[in-house]
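Each remark here refers to the structure printed beneath this line.
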Amino acid sequence: MWDSQKVGIAGPPIKTKKGWLLFYHGVSDNSTYRVGAVLLNLKDPRVVISRTTDAIFEPQKNYEKEGQVGKVVFPCGPVMRRGVVYLYYGGGDSVVGVATAKLSKILKAMHVTW
C-alpha cells in the first residue's frame, strides 16, 4: 500500500457537513511520502466513515522528487474556502507549496456523495 510503512496527520481536521476531513501523510516501502484523506464522524471522530484507498497527492514535480529528502510531499495544514481545499505542504523537504482541490472531488475519491 502507499501508506504501508508510516502514517501521520497533516494538521487539524476540517469540519464539513459529511464529517471531519483529516489529511495525513503515508510512507510506502520505497520511502515515498504521499497524501491521503479520511472522513471521521462529526459526533464521534473515533469512527471512520471513509478513507481514500489510494493516495490523492504524490510527488510529481522535480522540487518534490528531489531536494534535501527526495520523493516527498509532506502536508502541513489544510484550509478550506468556498468549497476549495488549500493544502500547504513541503516538497522534497526543501520548498513550501500549496495544492488545491474542490472538496467535492476529495469526497468523491472517498466514495462519499455530496
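Scan (1) acidic (Asp, Glu); (2) closer than 19 Å to Ala109 by Cβ; (3) surrounded by fewer than 17 Cβ atoms within 10 Å (Cβ to Cβ) for the single condition Asp93 breaks and write down its number.
Among (1) acidic (Asp, Glu); (2) closer than 19 Å to Ala109 by Cβ; (3) surrounded by fewer than 17 Cβ atoms within 10 Å (Cβ to Cβ), Asp93 violates only (2).
Of all residues in the range 10-26, count the ones that are among the hydrophobic types (A, V, I, L, M, F, W, C) and modelled with pLDDT under 95.
Adding up the residues that qualify gives 1.
Taking the range 50-72, which residues are basic (Lys, Arg) and closer than 15 Å to Val96 by Cβ?
Residue satisfying the conditions is Lys61 alone.
Condition (residue is in contact with a Ser or Thr (Cβ under 6 Å, 6 or more places away or on another chain), crowded, with 19+ Cβ neighbours inside 10 Å and among the aliphatic types (A, V, I, L, M)) applied to the range 44-58: is it met by at least one residue?
Within the range 44-58, none of the residues are in contact with a Ser or Thr (Cβ under 6 Å, 6 or more places away or on another chain), crowded, with 19+ Cβ neighbours inside 10 Å and among the aliphatic types (A, V, I, L, M).
Mind listing just one residue for me: the one in the range 98-114 that is assigned to a loop (DSSP other than H, G, I, E, B) and in contact with a Ser or Thr (Cβ under 8 Å, 6 or more places away or on another chain) and, of those, surrounded by the most Cβ atoms within 10 Å (Cβ to Cβ)?
Of everything passing the filter in the range 98-114, Met110 is surrounded by the most Cβ atoms within 10 Å (Cβ to Cβ).
The values are calculated or read from the model by the stated rules, or taken from the named source; none is laboratory data. It should be emphasised that the depicted structure is a prediction, and the values quoted were computed from it without experimental measurement. Neighbour counts are summed over all protein chains in view; Cβ atoms, including those assigned to glycine, are modelled from backbone coordinates with ideal geometry.
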